[in-house]
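The structure appears below as structure tokens.
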Amino acid sequence: MKITETELPGVFILEPKVWEDPRGYFFESYRDDLFTKTIRNVQWVQDNESRSAKGVLRGLHYQTPPFAQSKLVRVIEGSVLDVVVDIRKGSPHFGKHLTVELNQSNKKQIFVPRGFAHGFLVLSETAVFCYKVDNYYSKECDRSIQWNDPAIGVDWRLPASELQLSAKDMSAKPLAEADLFFYGVELYA
């Protein structure tokens, strides 16, 4: 597996080695020893999966401490535009974002550490999105940042008229008004 740190320190792209033959394919989607050696030791507590239609935008989500979460995300069916935003106050990368297309063909994964908001937009007719988390969901700590905040400037690739958002995501605050409990550049392992 190839693991590459992105321009957002602490955020990594994982690209598995895929073995294919006429029967199909095989790859290791996760190896704890390699992940721990290259990124860091993370104790995953839950796996989540969602299925969404084209134009569904989920995000930009994060949880505040003590229920902040790291995530390891991937797509097993379809294609999404995955977005990660640094929300650590005081970070030299605060407000900067990374976009990566994740799909069933490239089998890429992204490690999103605590202190980063995350979201994705479904580009294909449907997509199945899977992710590991290192902390449980907490409604009281659940937050969203406005998906179209000009201060972040994400190019979502689809016109706003084609997007489907939850009521929570439609009413999210811009980054400047968000409840941010992440300070400095610590990655909150």
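General remarks:
- Distance between segment 54-84 and segment 123-173 - C-alpha centres, whole angstrom: 7 Å
- Heavy-atom accessible surface of the chain, averaged per residue, reaches 50 Å², computed with a 1.4 Å probe.
- Here the Kirkwood formula, the inverse mean of 1/r across different C-alpha pairs, assigns segment 23-96 a hydrodynamic radius of 15.6 Å.
- A P(r) calculated from all alpha carbon pairs of segment 79-189, with 5 Å bins opening at zero, reads 2, 10, 20, 24, 22, 15, 6, 1 percent.
- From the coordinates shown, Cα Rg over 2.2 N^0.38 Å corresponds to which of (1) 0.94; (2) 1.00; (3) 1.05: (2)
- One decimal place: the segment Asn106-Lys168 gains 19.2 nm when fully extended, by the rule 0.36 nm per residue minus the C-alpha distance.
- Added length on full extension, which subtracts the Cα-Cα distance from 0.36 nm per residue, Glu125 to Arg157: 10.0 nm
- FRET efficiency for Asp179 and Thr6, using Cβ-Cβ distance with R0 set to 35 Å, rounded to 0.05: 0.90
- Cβ charges +1 (Lys, Arg) and -1 (Asp, Glu), total dipole of segment 33-157, debye: 240 debye
- Size of electric dipole in segment 94-189: Cβ of Lys, Arg +1 and of Asp, Glu -1, about Cα centre, debye, nearest 20: 240 debye
- Gain on full extension, evaluated as 0.36 nm per residue between Arg31 and Glu49 minus their Cα-Cα distance, stands at 4.5 nm.
- Counting only GluC sites (Glu not before Pro) that DSSP places in a loop and that have at most 16 other Cβ atoms within 10 Å, the longest clean stretch of the chain runs over 29-124.
- Area of Tyr136 that stays accessible when all protein chains are in place (1.4 Å probe, Å², to 10): 110 Å²
- Ellipticity estimate at 222 nm from DSSP helix runs (n ≥ 4, -39,500 (n - 2.57)) divided over the chain, nearest 500: -1000 deg cm²/dmol
The values are calculated or read from the model by the stated rules, or taken from the named source; none is laboratory data. Because the structure is a prediction, the values reported are computed rather than measured. Glycine gets a Cβ as well: all are built from the backbone with ideal geometry, and neighbour counts include every protein chain shown. Ligands, DNA and RNA are excluded from the accessible area calculation, which covers all protein heavy atoms including side chains. Shrake-Rupley method; radii C 1.70, N 1.55, O 1.52, S 1.80 Å.
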